[in-house]
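Q: The structure under discussion is supplied below as structure tokens; questions concerning it will follow.
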Amino acid sequence: MQVHQRMLDPTTNGLHSGETPLLRTIGLTKRYGDFLANDSIDIDIWPKEIHALLGENGAGKSTLVKAIYGLIQPSAGEILWKGQPVALSGPSEARSRGIGMVFQHFSLFDNLTVAENVALGLDGRESFKDMSARLEQVSKTYGLPLDPKREVWQLSVGERQRIEIVRALMQDPQFLILDEPTAVLTPQEADQLFIVLERLKAEGRAILYISHKLEEVKRLCDTATILRGGKKVETCNPRLETAASLARMMVGGEIKEVKAAAGRQTTVPRLVVNDLSLAPSEAHGVRLEHISFELKGGEILGIAGVAGNGQDELFAALSGERLSKDPGTIVIEGLAAGHLSITQRRKLGAAFVPEERLGHGTAPRMKLSENALLTGHAASGMVHHGFIDTAATLKTVDRATETFDVRKAKRDPEAASLSGGNLQKFIVGREILRNPAVLVVSQPTWGVDAGAAAVIRQALLDLATAGAAVLVTSQDLDELAEIADRIAVMFHGHLSAPLATKEATREKLGLLMGGSSLEPKEAAHAVGA
Amino acid sequence: MQLVLEKRAERSNTIALISPLIAIGLTIVTMVILFAILGKNPLLALHAYFIAPLTDGYSLQEIAVKATPLVMIAIGLSLCYLANAWNIGAEGQFLIGAVAGSWVAVKTQGTDAGAWVLPVMLVLAAVAGALYALIPAICKVKFGASEILTSLMLVYVADLFLDYLVRGPWRDPHGFNFPTTAEFDPVATVPLLIEGGRLHLGSIIALLVVAAVAILLGRTIKGFEIRVVGAAPRAARFGGFNSNQLIILTFAVSGALAGLAGIIEVAGPVGHLQPGISPGYGFTAIIVAFLGRLNPLGILIAGLFLALTFIGGEQAQIAMKIPLDVTKVFQGILLFYVLACDSLILYRFKLVFPNRQVARGTG
């Protein structure tokens with residue numbers, strides 16, 4: 001079938017025949033207990049190539065790059081660097097051989113300057129002054145502007161990523177690994193990053209680019225290797241594939257499409273936020289500044305924005321984990337609730353799904369029935385005169401399991417034993433089964449497999465159709481475009497006026513995410529930049 | 001080949017049950033070595049420690065008497081530890097409870113006060129223990145002071161306060177200058193269960209406490225709150241539970257139980273207030289709490305076991321001249337192994353064989 005076509009594809013083997021790849025893995029296997037995180041993976045990385053590594057969460061992408069970067073030792077198989085077998089003792093050996101890596105989660109010290117952070121990541125053979133000069137030179141050459149004297153906590157996420165990239169480039173790597181670099185960037189920042197990557201490629205370097213954003217991969221990458229369940233599924237030219245065909249290879253089947261019910265009616269305002277301002281509770285936190293919006297029943301409002309712009313603080317203020325002095329700043333079902341605890345807000349009909357599944361949304365080492373009780377004790381008939389109705393908590397588990405297809409090994413396992421997607425389905429299900437009037441949900445499908453993500457998005461749409469007001473915070477613009485009626489953007493603790501989803505183009509949202517306003521003059525300026 | 005600790009997907013309930021037994025086994029092996037180094041016959045020593053006390057009725061009663069304060073204190077401590085509140089000062093709360101209850105006994109001495117004396121002593125001791133425990137709890141909640149340090153330091157305050165009372169204002173004028181109060185009146189004494197025996201009403205109270213806390217933890221929302229706050233603080237806050245309130249509550253309850261244990265010990269087996277009423281019950285109860293897996297039934301069993309070591313230690317001292325301090329060494333080693341074995345609940349040992357290199361051409 002299609003396999004033949006791919007085997008003949010010039011970019012994978014034909015073009016490079018006779019040369020040695022920069023990096024090659026043969027039968028690379030990593031075993032954790034009985035679990036094969038990587039199962040005999042063969043991958044070739046050539047110079048002057050941007051190679052995408054695609055796969056769902058848990059497909060083995062991180063394990064593979066950690067092995068290549070020397071962070072973990074493979075259980076079996078070989079890594080060849082320029083044709084020679086190598087056993088990397090650790091990341092410093094990988095770096096000295098010319099392999100660099102930019103992690104998704106930055107390792108930066110907030111209270112140190114840019115230059116100090118870079119110095120800490122280098123071998124320290126040159127003086128701080130020479131290093132600073134080189135830092136400025138590298139950042140200028142590649143169009144990655146950085147002020148070496150600024151302290152990291154003052155910088156945006158995009159700027160922090162630049163530090164990581166510059167730090168990696170200062171070691172002049174021939175091979176650079178980037179782990180989901182655009183997850184934290186605005187569309188415009190992502191475009192700028194792509195220019196840098198193209199340039200690195202033109203210089204003859206190889207890049208391994210981990211992502212699950214398929215359009216991006218089609219645009220940027222020359223080759224794509226798809227992993228699924230720890231195995232390599234395919235190596236192909238992403239430009240010859242469609243986003244749908246790539247997704248099929250990642251998931252191993254069709255993904256259910258999420259459908260909104262036609263003619264959804266909006267009703268009365270069920271969640272109103274009036275001029276909410278709140279000082280941060282911790283150092284370097286974000287101050288919420290005059291946030292106002294109104295959310296009607298039957299409506300889904302999306303909140304976009306780069307992480308760390310006040311989304312966590314807004315969630316805490318809306319849920320009641322942090323209280324506001326002025327009761328009128330948050331109105332739930334027509335009642336001033338700013339001063340009410342999370343339990344009292346739940347009694348008013350609000351429900352909440354936080355971003356962190358383990359440790360915030362659930363107690364990891366407690367059973368699902370106990371985790372049903374965690375948020376259900378207030379208003380779900382699970383407690384009578386202070387005594388727990390165990391049958392009622394188990395019933396919630398069973399109903400969530402059935403309604404949202406939660407897969408688990410036994411009836412009532414510990415939360416931590418479920419996969420991310422199944423646990424998220426349980427958490428969302430637990431809240432939706434309470435028939436909330438208002439649902440506030442943060443990053444509903446973060447790190448969740450495509451099948452579970454579709455189930456969750458459909459559940460949110462159905463809840464809105466049933467008349468609830470739903471507030472979704474997400475960094476995934478595609479997700480918001482799929483389910484939200486209106487989208488607002490958070491930046492530095494401010495919330496923009498919501499745009500109707502139809503009008504919220506990537507460009508407009510990107511500008512708002514970068515802190516520009518949509519007034520004509522400034523918008524024109526930003527687009528020109 | 002190499003031995004590694006590997007994380008389990010889910011906590012092992014089997015290991016959770018047998019880990020205290022493994023710990024006891026390892027402790028006994030260590031003790032055998034220790035006895036051998038001391039030049040004593042290990043088998044005879046073990047017999048004196050663990051078998052001899054179980055063979056006569058008097059010792060059996062004595063084990064229950066010793067277990068009573070241990071279990072009561074450990075039950076209270078388990079609530080604190082489940083809620084991530086580290087009360088190390090139960091010894092002090094025990095002594096303050098003993099002092100507060102004794103105040104009634106001393107003041108009514110020789111009067112015709114009626115049957116109300118003992119109940120008032122018990123209540124007052126519990127209240128005093130709770131208030132004394134609230135000092136570190138409030139310092140923790142209001143000022144962020146480490147409750148581990150403050151509760152521990154207050155032990156010495158209580159100890160010296162008791163010492164002052166029995167050497168000064170409360171000293172028995174007919175007591176040949178010994179630092180002790182007069183023997184309590186019968187109305188101020190905890191009644192015996194068996195005439196002429198040692199077993200007293202306090203053991204029944206301890207059993208009631210075990211049952212009540214078992215219900216609290218297993219069946220009520222308050223018990224759930226205590227467990228969640230300790231196991232996942234952020235999830236607990238998301239659940240609407242206030243950890244500061246629970247620190248106050250668990251400290252107060254554990255202080256009350258320790259205070260109650262204190263007065264029961266003084267008004268029961270001891271019969272008067274004097275220094276040294278506790279051979280370190282408040283500290284040994286920490287071991288009991290962990291050995292019993294912070295579970296009420298487990299604590300009951302662990303309390304009886306630790307009481308056995310106290311009695312066995314005395315017998316070993318008499319029969320084999322093994323120093324009484326060896327009992328404390330034993331208890332310390334036991335706590336060490338209990339905590340070490342706990343890691344097996346979440347982890348397991350695994351033998352890992354060296355990498356098999358795949359022999360393939362390099363192309």
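Q: Looking at A:T473, A:T465, which is the one that is buried (at least 19 other Cβ atoms within 10 Å of the Cβ) and modelled with pLDDT of 90 or more? Before the answer, list the steps.
A: Working: A:T465 fails: buried (at least 19 other Cβ atoms within 10 Å of the Cβ).
Of A:T473, A:T465, the one residue that is buried (at least 19 other Cβ atoms within 10 Å of the Cβ) and modelled with pLDDT of 90 or more is A:T473.
Q: For region A:54-98, what are the residues that are more than 14 Å from every other protein chain (Cβ to nearest Cβ), of a type in the set (K, R) and touching a residue at least 24 places away in the same chain (Cβ under 8 Å)?
A: Across region A:54-98, the qualifying residues are A:K61, A:R95.
Q: Let me ask something else. Could you tell me which residue of region B:181-206 is surrounded by the fewest Cβ atoms within 10 Å (Cβ to Cβ), considering only residues that are assigned to a helix (DSSP H, G or I) and in contact (Cβ under 8 Å) with a residue 40 or more places away in the chain?
A: B:V187
Q: I'm trying to understand the selection: among the residues of region A:315-335, which are away from every other protein chain (no Cβ under 14 Å) and in a helix (DSSP H, G or I)? Break it down stepwise before answering.
A: If we filter region A:315-335 for residues that are away from every other protein chain (no Cβ under 14 Å), which is where we start, we get A:324-335.
Matches in region A:315-335: A:P327, A:G328, A:T329.
Q: Which residue out of A:A336, A:A379 is farther than 14 Å from B:E225 by Cα and in contact (Cβ under 8 Å) with a residue 24 or more places away in the chain?
A: Details: A:A336 fails: in contact (Cβ under 8 Å) with a residue 24 or more places away in the chain.
Residue meeting the stated conditions: A:A379.
Q: Tell me which of these A:E370 doesn't satisfy, since it passes every other one: (1) within 30 Å of A:G308 (Cβ to Cβ); (2) assigned to a helix (DSSP H, G or I).
A: Of the numbered conditions (1) within 30 Å of A:G308 (Cβ to Cβ); (2) assigned to a helix (DSSP H, G or I), the odd one out for A:E370 is (1).
Q: Within the set of pairs 6+ apart or on separate chains, which have a first residue in region A:362-373 that is more than 7 Å from chain B (Cβ to nearest Cβ), a second that is part of a helix (DSSP H, G or I) and hydrophobic (A, V, I, L, M, F, W, C), and C-beta atoms under 6 Å apart?
A: A:L368/A:V397; A:S369/A:L394; A:S369/A:V397; A:N371/A:A415; A:A372/A:V397
Q: Just a yes or no: is a residue in region B:291-299 among the polar types (S, T, N, Q) and under 16 Å from the mean Cα position of the chain (by Cα)?
A: Applying the first criterion (among the polar types (S, T, N, Q)) to region B:291-299 yields B:295.
Still in the running and under 16 Å from the mean Cα position of the chain (by Cα): B:295.
Yes, the conditions are met somewhere in region B:291-299.
Q: For the list (1) touching a strand residue (DSSP E or B) at 6+ places or on another chain (Cβ under 6 Å); (2) outside any strand (DSSP E or B); (3) within 10 Å of chain B (Cβ to nearest Cβ); (4) not hydroxyl-bearing (S, T, Y), I need the number of the one condition that A:F352 fails.
A: All conditions are met except number (2).
Q: Out of region A:141-184, which residues are over 21 Å from the mean Cα position of the chain (by Cα) and without any contact (Cβ under 8 Å) to a residue 24 or more places away in the chain?
A: Result: A:T141, A:P145, A:Q154.
Q: Which one of B:I311, B:I286, B:I333, B:I299 is among the aliphatic types (A, V, I, L, M), assigned to a helix (DSSP H, G or I) and touching an Asp or Glu at 6+ places or on another chain (Cβ under 6 Å)? Break it down into steps so the answer makes sense when it comes.
A: On the way: B:I286 fails: touching an Asp or Glu at 6+ places or on another chain (Cβ under 6 Å); B:I333 fails: touching an Asp or Glu at 6+ places or on another chain (Cβ under 6 Å); B:I299 fails: touching an Asp or Glu at 6+ places or on another chain (Cβ under 6 Å).
Among B:I311, B:I286, B:I333, B:I299, only B:I311 is among the aliphatic types (A, V, I, L, M), assigned to a helix (DSSP H, G or I) and touching an Asp or Glu at 6+ places or on another chain (Cβ under 6 Å).
Q: Between B:D159, B:D163, which is out of contact with any helix residue (DSSP H, G or I) (no Cβ under 8 Å at 6 or more places or on another chain) and either crowded, with 18+ Cβ neighbours inside 10 Å or touching a residue at least 60 places away in the same chain (Cβ under 8 Å) (or both)?
A: On the way: B:D159 fails: out of contact with any helix residue (DSSP H, G or I) (no Cβ under 8 Å at 6 or more places or on another chain).
Exactly one residue qualifies, and that residue is B:D163.
Q: Further question: Would you confirm, using the coordinates I've provided, whether A:G310 is buried (at least 22 other Cβ atoms within 10 Å of the Cβ) and more than 21 Å from A:I456 (Cα to Cα)?
A: Details: buried (at least 22 other Cβ atoms within 10 Å of the Cβ): yes; more than 21 Å from A:I456 (Cα to Cα): yes.
Here the answer is yes, as A:G310 does meet what is asked.
Q: Oh, and also: Residues in region A:403-415: is at least one away from every other protein chain (no Cβ under 14 Å), under 19 Å from A:T362 (Cα atoms) and at pLDDT 95 or above?
A: Scanning region A:403-415, I find no residue that is away from every other protein chain (no Cβ under 14 Å), under 19 Å from A:T362 (Cα atoms) and at pLDDT 95 or above, so the answer is no.
Q: Which residue out of B:K328, B:K321 is at positive phi, away from chain A (no Cβ under 14 Å) and not hydrophobic (A, V, I, L, M, F, W, C)? So that I can check it myself, show each step before the final result.
A: On the way: B:K328 fails: at positive phi.
The unique qualifying residue is B:K321.
Q: Between a first residue in region B:339-363 that is farther than 13 Å from B:I15 by Cβ and more than 12 Å from chain A (Cβ to nearest Cβ) and a second residue that is modelled with pLDDT of 80 or more and assigned to a helix (DSSP H, G or I), which pairs have beta carbons less than 8 Å apart while being 6 or more apart in sequence or on different chains?
A: B:L339/B:F290
Q: Being polar (S, T, N, Q) and surrounded by fewer than 24 Cβ atoms within 10 Å (Cβ to Cβ) is the filter here; which residues of region B:75-98 pass it? If you could, list the steps in order and put the result at the bottom.
A: Of the residues in region B:75-98, the ones polar (S, T, N, Q) are B:78, B:84, B:87, B:93.
Of everything in region B:75-98, just one residue is polar (S, T, N, Q) and surrounded by fewer than 24 Cβ atoms within 10 Å (Cβ to Cβ), namely B:N84.
Q: Checking A:A400 against (1) buried (at least 24 other Cβ atoms within 10 Å of the Cβ); (2) in contact with a Gly (Cβ under 6 Å, 6 or more places away or on another chain); (3) over 30 Å from A:V286 (Cα atoms), only one condition comes out false. Which one?
A: Going through (1) buried (at least 24 other Cβ atoms within 10 Å of the Cβ); (2) in contact with a Gly (Cβ under 6 Å, 6 or more places away or on another chain); (3) over 30 Å from A:V286 (Cα atoms) one by one, A:A400 breaks only (1).
Q: Here's something else I'd like to know. Is it the case that region A:290-301 has a residue that's within 10 Å of chain B (Cβ to nearest Cβ), under 27 Å from the mean Cα position of the chain (by Cα) and either within 30 Å of A:L185 (Cβ to Cβ) or surrounded by 21 or more Cβ atoms within 10 Å (Cβ to Cβ) (or both)?
A: Checked region A:290-301: no residue is within 10 Å of chain B (Cβ to nearest Cβ), under 27 Å from the mean Cα position of the chain (by Cα) and either within 30 Å of A:L185 (Cβ to Cβ) or surrounded by 21 or more Cβ atoms within 10 Å (Cβ to Cβ) (or both).
Q: Ok, one more. Given the criterion crowded, with 24+ Cβ neighbours inside 10 Å, in a helix (DSSP H, G or I), away from chain A (no Cβ under 14 Å) and not β-branched (V, I, T), identify the matching residue among B:F238, B:F251. Talk me through it step by step, then tell me what you get.
A: Numbers: B:F238 fails: away from chain A (no Cβ under 14 Å).
Just a single option satisfies the conditions, and that option is B:F251.
Q: Considering only residues that are acidic (D, E) and surrounded by fewer than 19 Cβ atoms within 10 Å (Cβ to Cβ), which ones fall in region B:207-231?
A: Pass one, region B:207-231, residues acidic (D, E): B:225.
Result: no residue meets the conditions.
Q: Can you find a residue that is closer than 19 Å to B:P233 by Cα, at the interface with chain B (Cβ under 10 Å from one of its Cβ atoms) and buried (at least 22 other Cβ atoms within 10 Å of the Cβ) anywhere in region A:336-345? Break it down into steps so the answer makes sense when it comes.
A: Let us first name the residues in region A:336-345 that are closer than 19 Å to B:P233 by Cα, namely A:341-343.
From what is left, the residues that are at the interface with chain B (Cβ under 10 Å from one of its Cβ atoms) are A:341-343.
Within this subset, residues satisfying the condition of being buried (at least 22 other Cβ atoms within 10 Å of the Cβ) are A:342.
The answer is yes, given that some residue of region A:336-345 is closer than 19 Å to B:P233 by Cα, at the interface with chain B (Cβ under 10 Å from one of its Cβ atoms) and buried (at least 22 other Cβ atoms within 10 Å of the Cβ).
Q: Is it true that A:M382 is in contact with a Lys or Arg (Cβ under 8 Å, 6 or more places away or on another chain), within 11 Å of chain B (Cβ to nearest Cβ) and surrounded by 17 or more Cβ atoms within 10 Å (Cβ to Cβ)?
A: Values: in contact with a Lys or Arg (Cβ under 8 Å, 6 or more places away or on another chain): no; within 11 Å of chain B (Cβ to nearest Cβ): yes; surrounded by 17 or more Cβ atoms within 10 Å (Cβ to Cβ): yes.
Against the criterion (in contact with a Lys or Arg (Cβ under 8 Å, 6 or more places away or on another chain), within 11 Å of chain B (Cβ to nearest Cβ) and surrounded by 17 or more Cβ atoms within 10 Å (Cβ to Cβ)), A:M382 does not qualify.
Q: While we're on this one: Please go through region A:258-285 and pick out each residue that is exposed (fewer than 14 other Cβ atoms within 10 Å of the Cβ) and either out of contact with any strand residue (DSSP E or B) (no Cβ under 9 Å at 6 or more places or on another chain) or among the polar types (S, T, N, Q) (or both).
A: Correct list: A:K259, A:A261, A:A262, A:G263, A:Q265, A:T267, A:S281, A:E282, A:A283, A:H284.
Q: Here is a list: A:Q424, A:Q443. Which entry is surrounded by 22 or more Cβ atoms within 10 Å (Cβ to Cβ), more than 11 Å from chain B (Cβ to nearest Cβ), under 18 Å from the mean Cα position of the chain (by Cα) and within 18 Å of A:A372 (Cβ to Cβ)? If you could, list the steps in order and put the result at the bottom.
A: Numbers: A:Q443 fails: within 18 Å of A:A372 (Cβ to Cβ).
Step by step, each of A:Q424, A:Q443 is checked, and only A:Q424 is surrounded by 22 or more Cβ atoms within 10 Å (Cβ to Cβ), more than 11 Å from chain B (Cβ to nearest Cβ), under 18 Å from the mean Cα position of the chain (by Cα) and within 18 Å of A:A372 (Cβ to Cβ).
The values are calculated or read from the model by the stated rules, or taken from the named source; none is laboratory data. Worth saying up front: this structure is predicted, and the values here are computed from it rather than measured. Don't worry about glycine lacking a Cβ; one is built from the backbone with ideal geometry, like all the others, and counts go over all protein chains shown.
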